[in-house]
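Encoded as structure tokens, the structure appears first; notes follow it.
The values are calculated or read from the model by the stated rules, or taken from the named source; none is laboratory data. Predicted model, so just to flag it, every value in this text is computed and none were measured. Cβ placement follows ideal geometry from the backbone for every residue including glycine, while neighbour counts extend to all protein chains displayed. These accessible areas exclude ligands, DNA and RNA; they are computed on the full protein's heavy atoms, side chains included. Shrake-Rupley method; radii C 1.70, N 1.55, O 1.52, S 1.80 Å.
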Amino acid sequence: MAAALVHTHLCVSKISKRASITTAELIYRERQGLTKLRHSNSAAQFRKCRKAFKTLANPGSLSLTRALVTFVEAGYLEDAFHLFEKMPHSDTFVWNVLIKGLVTNGFYEEAIDIYYRMTFAGIRADNFTYPFVIKACAGLSSLFEGQKVHSKLVKTGLDVDVYTSNSLISTYAKLGRIEFAERLFVEMEFRDLVSWNSMISGYISAGDGWNSLICFREMQLFGMTPDRFSIISALGACSLECLLQKGKEIHCLIIKNEFEMDSMIQTSAIDMYSKCGRVDYAEKFFDCIPQRNIGAWNAMIGGYSLNNHPLQSLACLKKMNMASNLVSDTVTLINVLPACAQLGALLQGKSVHGVAIRKGFLPHLALETALINMYGECGRLNISELVFGQMTDKSLISWNTMVAAYVKNECHQEALKLFQNLLNANLGPDAVTIASILPSYAEVGSVREGKQIHGYVAKSGAGSSTYISNAMVYMYAKCGDLTNSQKYFDGLIFKDVVSWNTIIMANALHGFGEESLRFFSEMQAKGVKPNASTFVSLLSSCSITGMFDEGWKYFHSMIWEFRIDPQIEHYGCMIDLLGRKGNTHFAQHLIEEMPLAPTARIWGSLLTAARRNGDIALAEHASAHILKLRHDNTGCYALLSSMYAEAGRWAEAECVKHNMRKEGFEKTAGCSVVEIDGNICRFFNGDRSHEETEKIYDALSVISGKITKFRQQESVGKRANSPEFHSVRLAITSGLISTAPGSPILVRKNIRICENCHDAAKKISDISRREIVVGDSKIFHHFKCGRCTCRDYW
DNA sequence: AGCGTGGTCA
């Protein structure tokens, strides 16, 4: 209790810094207060406040209590506090007024402290006190405090008060304990309209629109007539569950009850229609409002953003600024930012940020989160990071948004690091977090990390989502663990078309073409209709494993049997397939003839084909197109320069390297990762930083001796960038000497494996009698008995 | 006596 008292004084001093009021100060404050009140445009309040100040200046005529009420009503917490400390406060009423003032102004912690100070002073809290105290618990998100207060209520018998019970219902719902709210509601002896409304909105806090609507119907069966509160909540329930029909019914109720001029109902109705995906209905409703309030505008601006009409969203904001005297508030900005994000309109986004700063809206949790998202979508991660770093208050949503921003910009390492911080901060990841982070695990995660995230998926209950399950199947496959990917897939109770597409792609990635085809037949046998993505997986599988005839067969059946128009990705697969067959002319022809504009990825396929066929002219042609289309062309430059080098055209090779540096690109350093006893070992080319370096290099020299019989002499020179010491070989060797004989070795590499190492890996798999799996930037190579699943084309 | 419950757009 002593601690609570000390705390109270600290908190009080936050609000009221001075200890006493002088007459001069009073006059000053009066002037200040009066000016403020004039602005607030309330003549009645203005007169009252003036009277209150007079009362204070002239203690003879006093009604200090009345003055206190006036201060609290005007929101002058400082003055209220001064007065409170100076007046006798043996009366419950005085305390109640102060607590009310604190709660309505958001000083929840202080309100709770005053409540404890009150009980400590021996003043009995009454049925007027508790609704505020309970509301403060909700504001603090403190279930602990809430339950403490509740038990006190039961002890004093005040829990039968309908006001108090109603507050408890909504507070429990807000604190995530809808079952407590339900129990209270059921056990209430007398339920009024507010009780029903609290329950209806309580279900919405719990994210349960269905029960909210059931409650809404039941209240009518009990003879209660819904008021504006009930209607606003019911509309919220329709938005939550996307129930357009039900929403229209409630719209009828609005008309019947003549609530159309209620601005909050207007806002809710616009929101309901746009959340149900009918921005046109929302627009109609909006257009019929003669005097639009800021809420209606905000809902409309948000509705356009939500339904992917970013230009209309921006236009709506402009219209608001032009056609009305309304000014943007925080919600306006929060709603228009997704539109900037969708358009990638950095300039507009920045100007919104500017407005937020100028108007003093920051820091603001939701607004900052929207900014992080906008900058992330516009590719300005550094600003996202800056905003995130400066946030004084972060919610799980802000964390999720930052993770998603990293993932969107393919900064997977950063995403994983942030996710780790999130776990360390003891913020339980939710389904959104997991869905955002899984692609990063797929891109850079190890099998061990994959299993770790598997644990979080199970713990968070996110595994019941098919979306997340599919991402898990893909993640395991992308981490190199096809067995667990398969297992996870087999364990799925509900498999949608994406699940099947994923397992087909998973097998394609690992070069198991026949398996892919088998899954394709199986999905059709199970009655799942393939979609365009199914064929991307299937055709990729054909091209990766070189099933030429099957590839064309499926391409044709896609068009003629399944009536799916080929998209650019399908053409990409076919061009890969043609390239693999060495038919570069036909590949080029297909690019020219296809009805879609070729992308950098398409020219990349042609470039790969050119490389395999040693066709430098074609490679130059493809590269020229890539350089025009894409910004980051590190891979393209690297490939071209190595082709020139292989052909002995050194000057041109050097020229390409020069251009690359000129544009500010560095050749990506090759890096391979192998997992040994759950530890991740990372190797660069010629890396000597590993603690077992001597052992690894000794073993590698023995291996090299066995696989390159006549080149032995050369390697004495030991150039660090010689293929002999490429990162893949270091990783494989490290795996060989540190794991049990006969067990498979899994290595992942950030860039394409070079031909020399591919050849070496085949031989190593043969002489060591081990299965070696190497995942490079494109596919997984399963080396076994001197052969690779990619059949030497990648 | 006066202080009380539920609500929109994020």
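Taking a quarter of the surface of the Cα convex hull of the stretch A:69-122, what do you get in nm²?
Working: hull surface 13.0 nm².
For the stretch A:69-122, averaging the hull's shadow over all directions gives 3.2 nm².
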> Peptides A:338-345, A:383-390, A:372-379: what's the order by average Cβ count within 10 Å, highest mean first?
Replying inline: A:372-379, A:338-345, A:383-390
>> Can you tell me which lysines have their Cα less than 22 Å from the Cα of A:LYS553? Leave out same-chain residues fewer than eight positions away.
In response: A:LYS526, A:LYS529, A:LYS581
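Chymotrypsin sites (Phe, Trp or Tyr not before Pro) within the stretch A:126-198: which are DSSP loop residues with at most 16 other Cβ atoms inside 10 Å?
Working: sites: A:PHE128, A:PHE132, A:PHE144, A:TYR163, A:TYR172, A:PHE180, A:PHE185, A:PHE190, A:TRP196; in loops: A:PHE128, A:PHE190.
When the chymotrypsin sites (Phe, Trp or Tyr not before Pro) of the stretch A:126-198 are filtered for loop state and at most 16 Cβ neighbours within 10 Å, A:PHE190 remain.
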>> Pairs on different chains or at least eight residues apart, Cα atoms closer than 25 Å: how many lysine pairs in the stretch A:394-492 fit?
In response: 15
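Given an 8 Å cut-off on Cα distances and at least 6 residues of separation, report the relative contact order of the stretch A:394-492 as a percent. Working shown, then result.
Details: 108 pairs, mean separation 24.0, N = 99.
Normalised by residue count, the contact order of the stretch A:394-492 is 24 percent.
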>> Can you order the peptides A:407-414, A:738-745 by their average number of other Cβ atoms within 10 Å per residue, highest first?
In response: A:407-414, A:738-745
> In nm, what is the difference between 0.36 nm times the number of residues separating A:ARG228 and A:ARG682 and their Cα-Cα distance?
Replying inline: 157.2 nm
> How big is the gap, in Å, between the Cα center of the stretch A:499-564 and the Cα center of the stretch A:677-700?
Replying inline: 40 Å
> Put +1 on the Cβ of each Lys and Arg and -1 on the Cβ of each Asp and Glu in chain A; which of A:LEU438, A:THR634, A:ILE676 then has its Cα farthest toward the positive end of the dipole?
Replying inline: A:THR634
>> Could you work out what % of the accessible surface of the stretch A:191-291 is carbon and sulfur, using a 1.4 angstrom probe and leaving DNA, RNA and ligands out of the count?
In response: 56 percent
>> Going Cα to Cα from A:LYS319, which aspartates and glutamates come in below 18 Å? Please leave out same-chain ones fewer than 8 positions away.
In response: A:ASP280, A:GLU283, A:ASP287, A:ASP329
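Quote the relative contact order of chain A in percent (integer), defining contacts as alpha-carbon pairs under 8 Å separated by 6+ residues.
Numbers: 1094 pairs, mean separation 33.1, N = 794.
Relative contact order, chain A: 4 percent.
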> Any idea what the relative contact order of the stretch A:470-577 is, in percent, if you count C-alpha pairs under 8 Å spaced at least 6 apart?
Replying inline: 22 percent
> A:GLU189 to A:LYS148: FRET efficiency via 1/(1 + (r/R0)^6), r the Cβ-Cβ distance, R0 30 Å, to the nearest 0.05?
Replying inline: 0.80
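Within the stretch A:181-242, which GluC sites (Glu not before Pro) sit in a loop by DSSP and count at most 10 neighbouring Cβ atoms inside 10 Å? Could the numbers behind the result be given before it?
Details: sites: A:GLU182, A:GLU187, A:GLU189, A:GLU218, A:GLU241; in loops: A:GLU189.
Passing sites in the stretch A:181-242 are A:GLU189.
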> Please report, for the Cα atoms of chain A, the Rg to one decimal and the Dmax as a whole number; what are they, in angstrom?
Replying inline: 34.1, 112
> Of the listed peptides A:305-313, A:726-734, what is their order by residue-averaged count of other C-beta atoms within 10 Å, with the highest listed first?
Replying inline: A:726-734, A:305-313
> Rounded, prolate or oblate: which fits the stretch A:394-492, taking a ≥ b ≥ c as square roots of the Cα gyration tensor eigenvalues, rounded meaning a/c under 1.5, else prolate when a/b beats b/c?
Replying inline: prolate
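How long is the gain from A:TRP552 to A:LYS784 if the chain were fully straight, where each residue apart is worth 0.36 nm and the alpha carbon distance is subtracted? All intermediate terms of the calculation are to be shown ahead of the outcome.
Numbers: separation 232, 0.36 × 232 = 83.52 nm, distance 2.90 nm.
This chain segment gains 80.6 nm when fully extended.
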>> What distance in nm separates the two pseudo spin-label positions at A:ASP565 and A:GLU654, each 7 Å out from Cα along the beta-carbon direction?
In response: 5.1 nm
>> Could you work out [θ]222 nm for chain A from helices alone, using -39500 (n - 2.57) per DSSP H run of at least four and dividing by all its residues? Round to the nearest 500 deg cm²/dmol.
In response: -21500 deg cm²/dmol
> Along the charge dipole of the stretch A:76-159, Cβ charges K/R +1 and D/E -1, which of A:ILE112, A:ASN96, A:GLN147 sits furthest on the positive end?
Replying inline: A:GLN147
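Rounded to the nearest 20 debye, what is the charge dipole size of the stretch A:394-492 about its Cα centre when +1 sits on each Lys and Arg Cβ and -1 on each Asp and Glu Cβ?
Details: 8 positive and 7 negative charges, 32 e Å.
Once rounded to the nearest 20, the dipole reads 160 debye.
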> What lysines could a cross-link reach from A:LYS100, if we take a straight Cα to Cα line under 22 Å and drop same-chain neighbours fewer than 8 places away?
Replying inline: A:LYS14, A:LYS17, A:LYS36, A:LYS48, A:LYS51, A:LYS86, A:LYS135, A:LYS148, A:LYS152, A:LYS174
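Which shape class, rounded, prolate or oblate, goes with the stretch A:682-788 when its Cα gyration tensor gives a ≥ b ≥ c as root eigenvalues, a/c under 1.5 marks rounded, and past that a/b bigger than b/c marks prolate?
Values: a/c = 1.29, a/b = 1.23, b/c = 1.05.
Since a/c stays below 1.5, the shape of the stretch A:682-788 is classed as rounded.
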